[in-house]
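Asks: Let me begin by handing over the structure; questions about it come next.
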Amino acid sequence: MAEPRRKMKDLRKQPGFDFMAWFCIVFLYAPIVVLIIFSFNDNRSVVRWTEFSLRWYYAAFDNEGIRNATIVSLKVAAVSTLFATTFATMAALATTRTPPFRGQMLSYAIINQPLMIPEIVTAVATLSFFSIIKQLTGVTGIGYLMLAHTVFCIPFAYMPIRARLEDMNLTLEQAAADLYATPIQVFRKVTMPLLAPGIVAGGMLAFVVSLDDVIITLMVAGPGETTLPVYILGQIRRGITPEINAVSTLLLLLSIVLVSAFFTLGNKKK
C-alpha cells in the first residue's frame, strides 16, 4: 500500500517567519527611505530635519560637475545598451533557434561569464587588457569604457531575450516557412515582432546596469570620463550632503521606472 503523501508545510506559518521577513525589509529599505526624506531637507545637515525644501534639487541641476557626469553616464549607457542588446539578441537566436550542438553549455557559460566572475576581477582584467591595446596602438578615448560596459551588459540583456524566445511558440515561424517565406522574412515579419517585448526588456535592464556601474568604470574610465555614480562616490569621500541625496534619489527613481518597465515587458505574453 502506497504511503500517503505528506502535506507540504506553509513556510509563512513557521515560527519567527514574519519577524525575520519584516526585519529584512526594514533594514533593506529604511536607509533608502531616509535618503529620500533628507533629500528634501532645507538644512545642510543630513541628520537633522528642519523643513521641506527643493533647494538641493535646484542645486544639483545647477551643478556643472553633476550635469557633465550625467551626460557621460547617459552617453555610455545608451551606446553600450544598443550594442549589448544587439549581440544578446544574436546570441539568444543562436542558442535557441538551432538544434542542440556540442559545446552548447560552454557557450552559455561564456555568454554569462560576467555574472559568474566577481566584478572586481573582470574590472582588473579589462584594465590590463585595454592598457596593452593602448600601448600598442596609442588610441585612447571613451570608446574603451563603452566597450567594457557593452561586454558586461550582454548577459543582462541576454537572459530576458532568451526567456522570451523559449516561451514563443514555433508554430507561426514554421507556418511562415511553409508558405515559402525566406529565413530573413520569417525573422522580420514573425520572430521580431513577437520578440520585441523581450528585446526592449533586455535593453532596459542593460541600461540600468550600465548606468549604475561603479567598479568597472573606476578601473577603465580615463580623464574627462567621470560617470554619475563615480562622481557621487568621489563627493561622498568629502562628506555626504543633501545635494548628493537629491542626485541619488533621482537616480533611484530612474532605476525603479526602468526595472518596473522591464518586469512589465518581460511578463507580457501578447
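Asks: GNM, the chain, Cα, under 10 Å: largest mean-square fluctuation among E243, E225, E173?
Replies: E173
Asks: Could you give the length gained by full extension between R97 and E64, i.e. 0.36 nm per residue of separation minus their alpha carbon distance, to one decimal place? Walk me through the intermediate numbers first.
Replies: On the way: separation 33, 0.36 × 33 = 11.88 nm, distance 4.85 nm.
Taking R97 through E64 to full extension adds about 7.0 nm, to one decimal.
Asks: For the range 172-184, in order, what is each residue's ³J(HN,Hα) by Karplus, 6.51 cos²θ - 1.76 cosθ + 1.60 with θ = phi - 60°, in whole Hz (x at glycine and Pro)?
Replies: For the range 172-184, the Karplus curve yields 5, 5, 5, 5, 5, 5, 5, 8, 6, 6, 6, x, 5 Hz.
Asks: Something else now. Compute the helix-to-body angle for 192-212: its Cα long axis versus the longest principal axis of the chain, expressed 0 to 90° and rounded to tens.
Replies: The helix 192-212 is inclined about 30 degrees to the chain.
Asks: FRET efficiency for I240 and N112, Cβ-Cβ distance as r, R0 = 45 Å, nearest 0.05? Working shown, then result.
Replies: On the way: r = 36 Å, r/R0 = 0.79.
Once the sixth-power term is evaluated, E becomes 0.80.
Asks: Given the Cα-Cα distance of L254 and I184 and 0.36 nm per residue of separation, how much length would full extension add, in nm?
Replies: Numbers: separation 70, 0.36 × 70 = 25.20 nm, distance 3.61 nm.
Gain on extension, L254 to I184, equals 21.6 nm.
Asks: Further question: Does anyone have the angle between helix 119-137 and the longest principal axis of the chain? Alpha-carbon axes, 0 to 90°, nearest 10?
Replies: 90
Asks: Also, quick follow-up: With a point put 7 Å past each Cα toward its Cβ, work out how far Q104 is from E166 in nm, to one decimal.
Replies: 1.1
Asks: Among (i) 69, 69, 34; (ii) 52, 40, 38; (iii) 56, 41, 32, which is the computed Cα extents along the principal axes in Å?
Replies: Of the labelled values, this structure produces (i).
Each value in this text was obtained by applying a stated rule to the coordinates, not by laboratory testing. As the structure is a computational prediction, the values presented were derived from the model and not from experiment. Every residue, glycine as well, gets a Cβ built from its backbone with ideal geometry; the counts of neighbours run over all protein chains shown.
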